[in-house]
Amino acid sequence: MTLTTSWQLAPEPFDTADATGLRRDYYDEVASRYWKRPATSEEIDEGLAGDGVELLAPPTGQFVVGRCDNEAAACGGLLMLDPGLAELTRVYLRPAFRGRKGAGLLLELLEAEARRLGASRMVLNTRLDLVEARSLYVRHGYREIPAYCAGPYVEICYGKDLARAD
């Protein structure tokens, strides 16, 4: 018996119920891994407060939600840093949906949205302990670059030229 997975990915406001749930799960996972203990609900609320997510809407960015078999499963955003340069951010797949090709589809859509907003290059920063994310980015053509920003969680940066889709 062959099981097929149906992905639907599209731009969506960052404050819908599904987008908010995915953003909470994202922050919970990255914070819990960093602190090496489960994040509390209060810590998640604090981390999401004032995180700049409102910039992830045109013309300054975009937020995308992915659904797998009609269930909210993935999210990601992009932020325009300069004309021609976008930053990939908040890329997340719920654990139950990993390994089903959704991450690659999510990156493809975010790159297409970045091109639509005028970007010819995408950059991102992450932590060294997020090895699965780092592997995903490298598999999809991102290469290590010198730091383009600074912050307490910026341990490695990647970049990719965005070829025009014809």
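The values are calculated or read from the model by the stated rules, or taken from the named source; none is laboratory data. Quick caveat: nothing in here was measured; it's all calculated off a predicted structure. Note that each Cβ is placed from the backbone with ideal geometry, even for glycine, and that neighbours are counted across all protein chains shown. With ligands, DNA and RNA removed, areas are computed over all heavy atoms of the protein, side chains included. Shrake-Rupley method; radii C 1.70, N 1.55, O 1.52, S 1.80 Å.
Here each label is just a point 7 Å from Cα along the line to Cβ, and for Tyr148 and Tyr34 those points are 2.0 nm apart.
Accessible surface computed residue by residue for the chain, with neighbouring protein chains in place and a 1.4 Å probe, gives 54 Å² per residue. One entry in (i) 46, 39, 28; (ii) 43, 35, 31; (iii) 46, 44, 31 is Cα extents along the principal axes in Å calculated from the shown coordinates; its label is (i). Here the spin labels are modelled as points 7 Å beyond Cα on the Cα-Cβ line, and at Ala96 and Glu42 they lie 2.9 nm apart. The share of accessible area on the stretch 25-166 that comes from carbon and sulfur is 53 percent, using a 1.4 angstrom probe.
When the chymotrypsin sites (Phe, Trp or Tyr not before Pro) in the stretch 68-166 are filtered for DSSP coil states and for at most 13 other beta-carbon atoms within 10 Å of their beta-carbon, the remaining sites are Tyr153.
Descending by average beta-carbon neighbour count within 10 Å, the peptides 123-136, 34-47 line up as 123-136, 34-47, the highest first.
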